[in-house]
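Undergrad: One structure, pasted below without further comment.
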Amino acid sequence: MAKEGQLGTIASKGQLRMSFLRWAVVIVPLVLLLGFASGRSVPAGSENGWYMALTKPELTPPGWVFPVAWTTLYVLIGLALAMIVHARGARGRGVAIGLFVAQFALNLAWTPLFFGAHKVGTALVVLIAILLLSIVTTVAFSRIRRGAAWLMLPYLVWLSFAGVLNWRIGQLNPDAERLVPSAQTSQML
């Protein structure tokens, strides 16, 4: 039988930390998995002949930067979401989670749209929508857990940079949708 008063006690810091870690252990890998699946749904980067045939802006980073950046960003936004999911009973929590899901769904759609469908202009519109929704998400997160909002900031910066890249690619390649990469020759002897 529980001692009197034990049922009404608040969880200890250790219990709260473990509860957050349980959420993080599920959410962060899920965000990474979905991001990876989107990235692998169509050939991207140097694996995509269409993309390689495009004229790219001078500020385009080397190809290896993109998977490193996205992996890092997905971990950070996954941790941010875990903090919000963990904040049971917080006012605005459901809205904040809904905003995150909406912007993340658009994020997952961007790669197939840009690299698969070659829709540079439409991809830019989607990227702007992702950025706007992510800003609203970050504000909603800040009202619940400031740390979660801070974890979203690198993502906002990267989305802004990606938007500039997407916009410049559109400028430099006005016929990008109709561009057909030249046939590659086989390296087999």
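Undergrad: Is there any pair with a first residue in the range 158-170 that is closer than 12 Å to K119 by Cα and a second that is among the hydrophobic types (A, V, I, L, M, F, W, C) and not in a helix (DSSP H, G or I) whose Cβ atoms are under 7 Å apart and which are 6 or more apart or on different chains, and what are they?
TA: Partner pairs satisfying both residue conditions: I169/L54.
Undergrad: Regarding V120, is this residue closer than 30 Å to R17 by Cα and more than 13 Å from the chain's Cα centre (by Cα)?
TA: No.
Undergrad: A further question on this structure: Tell me, which helices (runs of 4 or more DSSP H) lie completely within the range 86-189 with 1 or more residues that are more than 26 Å from L76 (Cβ to Cβ) and small (G, A, S)?
TA: Ranges flagged: 120-142, 146-172.
Undergrad: Might you let me know whether the range 137-146 holds any residue that is over 11 Å from the mean Cα position of the chain (by Cα), under 23 Å from L172 (Cα atoms) and at pLDDT 95 or above?
TA: Within the range 137-146, none of the residues are over 11 Å from the mean Cα position of the chain (by Cα), under 23 Å from L172 (Cα atoms) and at pLDDT 95 or above.
Undergrad: State all residues of the range 34-64 that are exposed (fewer than 12 other Cβ atoms within 10 Å of the Cβ) and among the aliphatic types (A, V, I, L, M); if no residue qualifies, say none.
TA: A37, L59
Undergrad: Checking W70 against (1) surrounded by fewer than 17 Cβ atoms within 10 Å (Cβ to Cβ); (2) out of contact with any Phe, Trp or Tyr (no Cβ under 6 Å at 6 or more places or on another chain); (3) modelled with pLDDT of 95 or more, which test does it fail?
TA: (1)
Undergrad: Anything in the range 81-109 that is touching a residue at least 24 places away in the same chain (Cβ under 8 Å) and open to solvent by 50 Å² or more (accessible area, probe 1.4 Å)? List them, or say none.
TA: Those that are touching a residue at least 24 places away in the same chain (Cβ under 8 Å) and open to solvent by 50 Å² or more (accessible area, probe 1.4 Å): R91, R93, V95, L106.
Undergrad: For W167, are the conditions met, namely being among the aromatic types (F, W, Y) and within 28 Å of L30 (Cα to Cα)?
TA: The answer is no for W167.
Undergrad: Could you count how many residues in the range 109-146 are hydrophobic (A, V, I, L, M, F, W, C), touching a helix residue (DSSP H, G or I) at 6+ places or on another chain (Cβ under 9 Å) and closer than 13 Å to L159 by Cα?
TA: 12
Undergrad: Tally the residues that are closer than 25 Å to R93 by Cα, without any contact (Cβ under 8 Å) to a residue 60 or more places away in the chain and open to solvent by 30 Å² or more (accessible area, probe 1.4 Å), restricting the search to the range 117-149.
TA: Looking only at that region, the number is 11.
Undergrad: Another question, if that's okay. Mind checking which residues of the range 13-33 are open to solvent by less than 80 Å² (accessible area, probe 1.4 Å) and among the polar types (S, T, N, Q)?
TA: Of everything in the range 13-33, just one residue is open to solvent by less than 80 Å² (accessible area, probe 1.4 Å) and among the polar types (S, T, N, Q), namely S19.
The values are calculated or read from the model by the stated rules, or taken from the named source; none is laboratory data. Since this is a predicted model, take the numbers as computed values, not measurements. Cβ: placed from backbone, ideal geometry, glycine included. Neighbour counts: every protein chain shown. The accessibility values were calculated without ligands, DNA or RNA, using every heavy atom of the protein model including side chains. Shrake-Rupley method; radii C 1.70, N 1.55, O 1.52, S 1.80 Å.
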